[in-house]
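The values are calculated or read from the model by the stated rules, or taken from the named source; none is laboratory data. Every value quoted in this text rests on a predicted model; they were computed, and no experiment measured them. Cβ coordinates were reconstructed from backbone atoms using ideal geometry, including for glycine residues, and neighbour counts include every protein chain displayed.
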Amino acid sequence: MVVIQCPHCEQDIELEDGVSGLFDCPHCGNGFSFGDNELVAPNLFDRSQLFMSRGMKIGLAINAIGVITFMGFAIFEDGGGGSWGNYAAAVVPCGIVAIGIPIVVISFLIRGY
Ligand SMILES: [Zn+2]
């Protein structure tokens, strides 16, 4: 048995395992559908797995490198590296992320269809 809540009166309703379709609530008499959610969830999971395709992983990896580079510059910048160091600390990670983000977005859009 599965116990669900009526979407209308929020009372508990017992249903047989594996059933799906339209039911009438025994408490308030309103109809509701059950079972579709269980079918939708794995599909969404599969789709999210598809989103994490090769292109997206590469894009995320590039973004991660950008963030790590930024943190690296931030750590080694403590000694006061001068203007070039500040410039590089800002521009290099931003440049890497600027490359990575479009790759993620494009991969996402391609996989979205
Ligand atoms: Zn009800």
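The residues on offer are M71, M56, M1, and the sole one that is more than 16 Å from the ligand (Cβ to nearest atom), modelled with pLDDT of 75 or more and touching a strand residue (DSSP E or B) at 6+ places or on another chain (Cβ under 6 Å) is M1. Against the criterion of being of a type outside the set (G, A, S) and at pLDDT 80 or above, V40 does not qualify.
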